[in-house]
1. So, in nm, how far is label Val184 from label Ser265 when the simple model puts each one 7 Å beyond its Cα toward the Cβ?
2. Which one of His95, Ala109, Ile120 has its Cα pushed farthest toward the positive end of the charge dipole of region 79-150, where Lys and Arg give +1 and Asp and Glu give -1 at the Cβ?
3. Students often forget the sequence filter, so: which lysines lie under 18 Å Cα-Cα from Lys50 once same-chain residues fewer than 8 apart are removed?
4. Which pairs, out of Lys191/Lys279; Lys178/Lys219; Lys94/Lys292; Lys178/Lys304; Lys178/Lys207, put more than 29 Å between their alpha-carbon atoms?
5. Could the peptides 101-108, 54-61, 276-283 be put in order, highest first, of the mean number of other beta-carbon atoms found within 10 Å of their residues?
6. Shape call for region 50-186 from the C-alpha gyration tensor, a ≥ b ≥ c root eigenvalues: rounded (a/c under 1.5), prolate (a/b greater than b/c) or oblate?
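Read-outs: derived from the displayed coordinates by stated rules, not from any lab. Just so it is clear, the structure is predicted and the values come from calculations on it, not from any experiment. Here the Cβ is made from the backbone with ideal geometry for all residues, glycine too, and neighbour counts use every protein chain on show.
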Amino acid sequence: MVWQGLSTPARWVRGDVPLLLAALLLTVHSAPEIPGFPPGFPDFGRSQCKPIPHTMALCHGVGYSQMRLPNLLGHDSMKEVVQQAASWVPLLSKHCHADTRKFLCSLFAPVCLSEVHEAIRPCRSLCRDVRDGCAPVMLAFGFPWPDMLDCGRFPTDNDLCIPSANSDEDRAYHEELKVCEACVPEGEVEKAILANYCKNDFVVKVKVKGVTYVDGDAKVTLEGRGRPLLGPAVTELPDELWLPGAGAGGGVAGGCSCDELRDRSASFMLMGRLWSEGKWRLTLVRRWQGSKRDLRRIHRNVRKIRC
């Protein structure tokens, strides 16, 4: 979700200072460990504004471009921030609360504004709403809600802080945010591929290197050039595919989001067709957890289709 420049609505911050911050969706994770947190918040007297790196999948494209370092979790190097934030990316795909990404990024990549000389922390209400939605999901994977995220540590909503999306305006905004049609996880991957094969030009199994946003669309960069598994229309794909309308993760009203693509460790089955001017449009995005045997079965079944 991204707004250009200073045009971002001020409603995301509780207080008198406008803030470039957007509400986002989240994900839970079966990684072997949840990163630890330091015992207290850092001293921001020595903090610096740094660009949010494109390798930080959790917060790149969150709605602002500059973050404070050290962050609110005491990480004082960008390498540490990126490494620790990556452990939380899978939580977003669980959709336990609409503000999960907003809350996590306020800690891992706190916004840095020239007109604000103090750390802007998440409001207590934001913490509580995300905790109530996500703590049960985390616990199901064996991870308790971290002590460092004790919501009593954060300011009340009448202070300068990042609030939960609980106002009528914020709720209306969130209702506009939808999962992109290509990313809706309905049915089995194989059935979806077979049902839509004749409408598309390619199917490819790849990993995603990164996602950037251009004029309201998401540009998906593949890890290496993808050779389509299926589809007679192309023999080789470019390393960039497009997801229309997903610019900045759906941060523009009426847009859509596809948080699945933020998990750089996952493999995906991507299906699509030629869009315009040499651009290839994604029509199906599914996380792939199948085996080589499963892929061979899909090949066999596709050969039986007569388009």
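1. A separation of 3.0 nm, rounded to one decimal place.
2. His95
3. Once the sequence-local lysines are set aside, what remains near Lys50 is Lys79.
4. Values: Lys191/Lys279 26 Å; Lys178/Lys219 18 Å; Lys94/Lys292 26 Å; Lys178/Lys304 35 Å; Lys178/Lys207 24 Å.
With Cα atoms farther than 29 Å apart: Lys178/Lys304.
5. Working: 101-108: 26.5, 54-61: 21.6, 276-283: 14.9.
Descending packing order for the listed peptides: 101-108, 54-61, 276-283.
6. Working: a/c = 1.26, a/b = 1.17, b/c = 1.07.
It is rounded, given that a/c, with a ≥ b ≥ c, falls under 1.5.
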